[in-house]
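Read the figures in this text as sums done on the coordinates, not as results from a lab. These figures come from a predicted structure and were not determined experimentally. Reconstructed Cβ throughout: ideal geometry from the backbone, glycine too, with neighbour counts over all protein chains shown.
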Amino acid sequence: MLFLICTVPFLTSNIIRMISWIPVLGRNGLVNSTLIQLGLVPQPIEWLLYSDFAVVLAMVHLYTLFMVTPIFNTLMRIDRSLIEAARDAGASPFQILWTVILPLARPGMAIGTIFVVTLVMADYSTVQVMSGGQSASVALMMKNQMSLLQYPAAAANAVVLLALVLLLVGAILRVVDIRKEL
Amino acid sequence: MGDRRGLGFYVLAGFFVLFVLFLYGPMSAIFILSFQGPSGGLTFPLNGVSLHWFGNLFEKQAVGDFGASFSRSLILGLLVMAATVVVALLAGLAFRRRFFGATPLFYLTIASLVVPSIIVSLGIGVLYQQLGMRPSWFGSGFGAHLTWTLPFGVLIMFAVFNRFSPSYEEAGRDLGASPWQTFWHVLLPMIAPSLIGVGLFGFSLSYDEFARSLLTMGTYNTLPLEIYAMTTNVTTPVLYALGTVTTLFSFLIIAGTVGAIALISRKRAS
């Protein structure tokens, strides 16, 4: 049930979830007006929206599930008796977390990393909307080249980006075997 | 277990509540703002409460044609859903056995998932241009969406069949059922909830798909592209009204799917 609560927002439109940050973070947005009313800041904080901060915040908001689900999946499959055995052997809760649960959750983290890396690498809409055109990413650059019909340049960028992403994914796949983890 | 819930539990529970707030907070802001009065702007406070912007949504607008792009997205989503369910089921069945080229095929499927979406879009767009064909939402757009939904569906079916014991089918076979009967009466009912889940994924991934659609939709926009165009041009709460409507629609679909799954499991239990 709790998992369902986390999942539902991810099945709704990405763009809507992205622009919903605008009334929250904007110059007259929720955060700024609350802070001013509390007297914490004298004038609106400008770097909340249309900044790198906003881009990162929105991306975390958009892509967390792709990390949560694989880790959830691996954690669910940890045999409870392993944890009990560790406790019987005198491990503290922290030791159990560090030496038993974390290593077993590693495949989930690796798969989640693959998802997040590729999604962020390909993202241009979040960067464009949330930074207000002030910062750039590879994908945004490609998108601009495409809209200027400079397909060769965009294609060259695509090849480099693809090689980079495949290298990263290849490196992660050396750590886990996806087929075993499903 | 019988543990007492320590400090750690409450810290983590608090963190989880914050996380849920983080997930839903911005969405509820948009939801409230869509009921903005006719003179209201894009931010708080509300200038009266009205349904003005919802009405505005269905009128003719300078930018964006909501109705047409919505129905296109809906049809495309349903098509993608059907294709994804069928292919994922068949692929899942096929991969239960080892066959020639299984591993390369598997990695090709994964590759389609990890290739950055904008590259897929560019590739399909350029290919169509080279071949002298016109991209269209039901042709190249459909294909572009499948490059995203199919690997997802196949991965889910892998996970399902990895946990599925072949002894049920053996039992069916021992009782004299033909392979088709085993499939129809034993296997399919057991994996039906997962198939519905795959369908839901296929539909919502396609319904929200954006980057892959950029160069592949041709003349007519799907809904996400339309919304994206609107974010740069529209400065009235009609944008929020649109957001509320599409989000409610997504919620309806999700609720319907979860309900269907619950119904099937209950029927099986009785």
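Once phi is turned into θ = phi - 60°, what whole-Hz ³J(HN,Hα) does the Karplus curve with 6.51, -1.76 and 1.60 give for every residue of region B:170-184, x standing for Gly and Pro?
4, 4, x, 5, 4, 7, x, 7, 6, x, 5, 5, 4, 4, 6
Say R0 is 25 Å: what FRET efficiency, to the nearest 0.05, do residue A:106 and residue B:15 get from their beta-carbon distance?
The calculated FRET efficiency here is 0.70.
In peptide A:117-130, how many Cβ atoms from other protein chains are near each Cβ within 10 Å, on average?
Shielding by partners across A:117-130 averages 4.
Pick out, from B:188, A:6, B:118, the residue whose Cα sits farthest towards the positive end of the charge dipole of the protein assembly as shown, with +1 on the Cβ of Lys and Arg and -1 on the Cβ of Asp and Glu.
It is B:188, whose Cα lies furthest towards the positive end.
Which of rounded, prolate or oblate describes region A:47-181 when judged by the alpha-carbon gyration tensor and an a/c cut-off of 1.5?
Judged from the Cα gyration tensor, region A:47-181 comes out prolate (a/c at least 1.5, a/b above b/c).
Who wins for biggest fluctuation among B:13, B:260, B:241 in a Gaussian network model of chain B, springs between alpha carbons below 10 Å?
Answer for the Gaussian network model of chain B: B:13.
Along region A:100-113, what does the Karplus equation 6.51 cos²θ - 1.76 cosθ + 1.60 (θ = phi - 60°) give for ³J(HN,Hα), rounded to whole Hz, x for Gly and Pro?
10, 6, 4, x, 6, 8, 4, x, x, 4, 5, 5, x, 4
Provide the FRET efficiency to the nearest 0.05 for the residue B:162-residue A:134 pair, computing r from the beta carbons and using R0 = 60 Å.
0.85
Just how far, in whole angstrom, is region B:125-148 from region A:107-182 if you go by their alpha carbon centroids?
Between the Cα centre of region A:107-182 and that of region B:125-148, the gap is 21 Å.
Report ³J(HN,Hα) in whole Hz for each residue of region B:237-245, in order, from the Karplus equation J = 6.51 cos²θ - 1.76 cosθ + 1.60 where θ = phi - 60°; Gly and Pro get x.
x, 4, 4, 5, 4, 4, x, 4, 4
Using unit Cβ charges (K, R positive; D, E negative) and no other charged atoms, how large, in debye to the nearest 20, is the dipole of chain B about its Cα centre?
My answer is approximately 560 debye.
Please give, to one decimal in nm, the separation of the simple spin-label points placed at residue A:37 and residue A:97, each 7 Å out from Cα toward the Cβ.
According to this spin-label approximation, the distance is 3.6 nm.
Anyone know which of A:154, A:89, A:58 comes out most mobile in the 10 Å Cα GNM of chain A?
A:89
Which of rounded, prolate, oblate describes chain B, given a ≥ b ≥ c as roots of the alpha-carbon gyration tensor eigenvalues and a/c under 1.5 marking rounded, otherwise prolate only if a/b is larger than b/c?
Verdict is oblate for chain B.
Counting only trypsin sites (Lys or Arg not before Pro) that sit in a DSSP loop (anything but H, G, I, E, B) with at most 16 other Cβ atoms within 10 Å, what is the longest stretch of chain A containing none of them?
A:78-182
For residue A:20, enumerate residues with amide H under 5 Å from its amide H, sequence gap 5+ or separate chain, H modeled in the peptide plane.
Placed amide hydrogens put nothing under 5 Å from residue A:20.
Per residue of A:38-48, what is the mean number of Cβ atoms on other protein chains within 10 angstrom of that residue's Cβ?
Taking the mean over all residues of the peptide, I get 0.
Order B:190-203, A:41-54 from most to least packed using the mean count of other Cβ atoms within 10 Å.
B:190-203, A:41-54
Roughly speaking, what is the stretch gain from residue B:177 to residue B:112, that is 0.36 nm per residue apart minus the C-alpha to C-alpha distance, in nm to one decimal?
Length gained between residue B:177 and residue B:112: 19.6 nm.
Using amide H atoms built 1.01 Å from N in the peptide plane, name the residues 5+ places from residue B:136, or on other chains, whose amide H lies under 5 Å from its own.
B:141
Roughly how crowded by other chains is peptide B:103-116, in terms of the mean Cβ count from those chains within 10 Å of each of its Cβ atoms?
What the average comes to for B:103-116 is 4.
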